[in-house]
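Working notes for the structure below.
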Amino acid sequence: MATTSIASNTELSRAIAASIRPSSSKPLATQQPIGRCTFNRFSDRFPLLSVRATSNSSMSKENSSKSGDGAGGGLTYKDAGVDIDAGSELVRRIAKMAPGIGGFGGLFPLGDSYLVAGTDGVGTKLKLAFETGIHETIGIDLVAMSVNDIVTSGAKPLFFLDYYATSRLDVDLAEKVIKGIVDGCQQSDCALLGGETAEMPGFYAEGEYDLSGFAVGIVKKESVIDGKNIAAGDVLIGLPSSGVHSNGFSLVRRVLAQSGLSLNDQLPGGSVTLGEALMAPTSIYVKQVLDLISKGGVKGIAHITGGGFTDNIPRVFPKGLGAFIYKDSWEVPTLFKWIQEAGRIEDAEMSRTFNMGIGMVLVMTEEASRRILEEGHHKAYRIGEVVHGEGVSYH
């Protein structure tokens, strides 16, 4: 008879409680008793809100890029098994049942504010976590993917929930993962409000697990960043990424297999191993973006996930506008150069699969962009401008 280890879940709950420490700026959530495999942690700072879950419009971030046809023998996202056509068709069908999806986060009206919700996972980056044994930072990736989405609306994250599923609960391993989630919540100044630990014997390979995350934030209705006022001549400001982040790993793993190198080999042209470079945790932009918004002049924000610049920047533009990207305005990290060379990947395919070193793009007025760059409080690049037309062009 299959059983779920209640003792293991109780031990995991104790480990989670020990890992949560209040910050100086605001208390994190406190531990509540678990029931079955669920641990619930509530903050006394905000009342509990009952809202219907809002689907993240991009569905699978890894499915949001358009695949190439492999022309010239170079690898494409489609070659790696990501079928954008199927993903797009599913989004179209969901849109018929739930009209209004399309942004980076879902907005739910609450008085004079909106709750902004987002959900995501970390894709096949988990495969690299299993292979490298680096589990301490995958939780940061999980938090980052959702909070970075909702902050594009100008929302401050309030709380985060996680889902951890495995065939047999390894308490020490799960503790490492959830400590990363706690770290990510601290970086984004939100509470780890609750979660589910699901033990499903025989469902996953031994030693493997899956993760999902859910974030909710809040923004005043008059302060929502929605891109409606973007105009030709506005400036695109890019914030640097820490690496591949949590998208495109199906293609990355295909390139790695083709290259003949292992995760323990040094990144060609770099100072770390390929495993370390690829497992660098996703940058969390919450505090940086909210500070930039507070200075004024921000009209739209795009989180550069699967789909790269090509698919994500146009999502925030009104009809009839496009992006003109200055190709040499920032230094493309060595990791992306290696991926492209080892996989013989076309420029266009790279630009619609990876972030290429820029993880968040803010659309600003000329005046605001000048001020941000002159102040130098945040590392940022002027990477392009808004133009009349459609799509993204690179020059």
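Structural remarks
- Taking Cα centre as origin and charging only the Cβ of basic (Lys, Arg, +1) and acidic (Asp, Glu, -1) residues, the dipole magnitude of segment 180-323 rounds to 820 debye.
- Sorting 258-264, 280-286 by average packing, meaning the other beta carbons within 10 Å per residue, from highest down gives 280-286, 258-264.
- The calculated FRET efficiency for the pair ALA98 and GLU196, based on their C-beta separation and a Förster distance of 25 Å, comes to about 0.60.
- Listed by chain and number, the lysines placed with their C-alpha closer than 22 angstrom to that of LYS295 are LYS156, LYS220, LYS221, LYS228, LYS287, LYS379; residues fewer than eight positions away on the same chain are left out.
- Across the accessible surface of segment 212-270, with the other protein chains kept in place and a 1.4 Å probe, carbon and sulfur atoms take up 46 percent.
- The length gained on full extension between LYS379 and TYR204, counted as 0.36 nm times the residue separation minus their Cα-Cα distance, comes to 58.9 nm.
- Among 373-380, 206-213, 183-190, the peptide with the highest mean count of other Cβ atoms within 10 Å heads the list, and the full ranking is 183-190, 206-213, 373-380.
- Ranking LYS228, LYS299 from most to least accessible surface, computed with a 1.4 Å probe over the protein chains only, gives LYS228, LYS299.
- Under 18 Å from the Cα of LYS337 - aspartates and glutamates, other chains or at least 8 residues apart: ASP265, GLU276, ASP328, GLU346, ASP347, GLU349
- Relative packing of peptides 134-144, 344-354 - highest average C-beta neighbours within 10 Å first: 134-144, 344-354
The values are calculated or read from the model by the stated rules, or taken from the named source; none is laboratory data. A quick note: this is a predicted structure, and the numbers were derived from the prediction, not measured. Backbone-built Cβ (ideal geometry, glycine too); neighbour counts: all protein chains shown. Areas reflect the complete protein model, heavy atoms only, side chains present, ligands, DNA and RNA absent. Shrake-Rupley method; radii C 1.70, N 1.55, O 1.52, S 1.80 Å.
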